[in-house]
Amino acid sequence: LDLALASSGIGTWDRNIENDTLSWDEAQHRIMGTNPANGERDLASMIKIIHPEDTQKVESEINATLAEDKDYLSEYRFIRPDGEVRTLEARGHVIRDAGGRPLRMIGTSMDITERKQAEEELEKLSQAVEQSPASVVITDLKGTIEYVNPKFCEVTGYTVEEALGQNPR
């Protein structure tokens, strides 16, 4: 399991809620840019490396997970010791005692910085096509229209619904 996780770029973490300790595996330390020799952390030290604009959101998500008996899922930016800002996707599960009191929260994390950057670029491209002063028509390999931009509708008089599924001929 350690080998599979290490080769996948996924790190694991384990938070002991009673003792307020947070343990990371080596992959998690690589993601965060931290030194495993520095030992365990507590929640407060983890919160300090979260980007200041995301701190309140992460704290709210953790509290909601503990209070509502649900799994944890969060995306947030963090600041590595070298100052680089990266984006993390964290997933976790709460282990509770027989009375439902949270004891531990365990999970995985993955650096999704490149994915988030690609999504932002795709959003920019999408906005450029939507706002283009030129008509844009996208078809599949058979020539069936899959997309038209607003300028196409303005120039041709066809609605999006009328154009989709048709052939430009």
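Quick grid of which residues meet (1) within 21 Å of Arg115 (Cα to Cα); (2) part of a loop (DSSP other than H, G, I, E, B); (3) within 17 Å of the chain's Cα centre (by Cα):
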| site | (1), (2), (3) |
| --- | --- |
| Ala37 | no, no, no |
| Ser45 | no, no, no |
| Gln56 | no, no, yes |
| Ser60 | no, no, yes |
| Ala64 | no, no, no |
| Ser74 | yes, no, yes |
| Arg77 | yes, no, yes |
| Gly83 | yes, yes, no |
| Arg86 | yes, no, yes |
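Of everything in segment 3-28, what is within 19 Å of Ile112 (Cα to Cα) and assigned to a strand (DSSP E or B)? Give them in sequence order. Within segment 3-28, Ile10, Gly11, Thr12, Trp13, Trp24 qualify. Could you list, in sequence order, the residues of segment 88-103 that are of a type outside the set (A, V, I, L, M, F, W, C) and either in a strand (DSSP E or B) or touching a residue at least 60 places away in the same chain (Cβ under 8 Å) (or both)? Selection gives Glu89, Arg91, Gly92, His93, Arg96, Pro102.
Conditions (1) among the aliphatic types (A, V, I, L, M); (2) open to solvent by 50 Å² or more (accessible area, probe 1.4 Å), marked per residue:
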| position | (1), (2) |
| --- | --- |
| Glu68 | no, yes |
| Thr87 | no, no |
| Gly99 | no, yes |
| Met105 | yes, no |
| Glu119 | no, yes |
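With the structure loaded, tell me whether Ile31 is part of a helix (DSSP H, G or I), in contact with a strand residue (DSSP E or B) (Cβ under 8 Å, 6 or more places away or on another chain) and in contact (Cβ under 8 Å) with a residue 60 or more places away in the chain or whether it fails that test. Yes. Contact annotation: residue pairs with Cβ atoms under 8 Å, 6 or more positions apart or on different chains, pairing a residue in segment 126-139 that is closer than 20 Å to Thr159 by Cβ with a partner that is basic (Lys, Arg), are Ser132/Lys151; Pro133/Lys151; Ala134/Lys151; Ser135/Lys151; Val136/Lys151. For segment 49-64, the set of residues classified as hydroxyl-bearing (Ser, Thr, Tyr) and either modelled with pLDDT under 95 or exposed (fewer than 13 other Cβ atoms within 10 Å of the Cβ) (or both) consists of Ser60 only.
The values are calculated or read from the model by the stated rules, or taken from the named source; none is laboratory data. This one's a predicted model, so the numbers in the text were calculated from it and none came from an experiment. Cβ sites come from the backbone with ideal geometry, for glycine too, and all protein chains shown count toward neighbours. Surface areas here come from the heavy atoms of the whole protein model, side chains and all, with no ligands, DNA or RNA. Shrake-Rupley method; radii C 1.70, N 1.55, O 1.52, S 1.80 Å.
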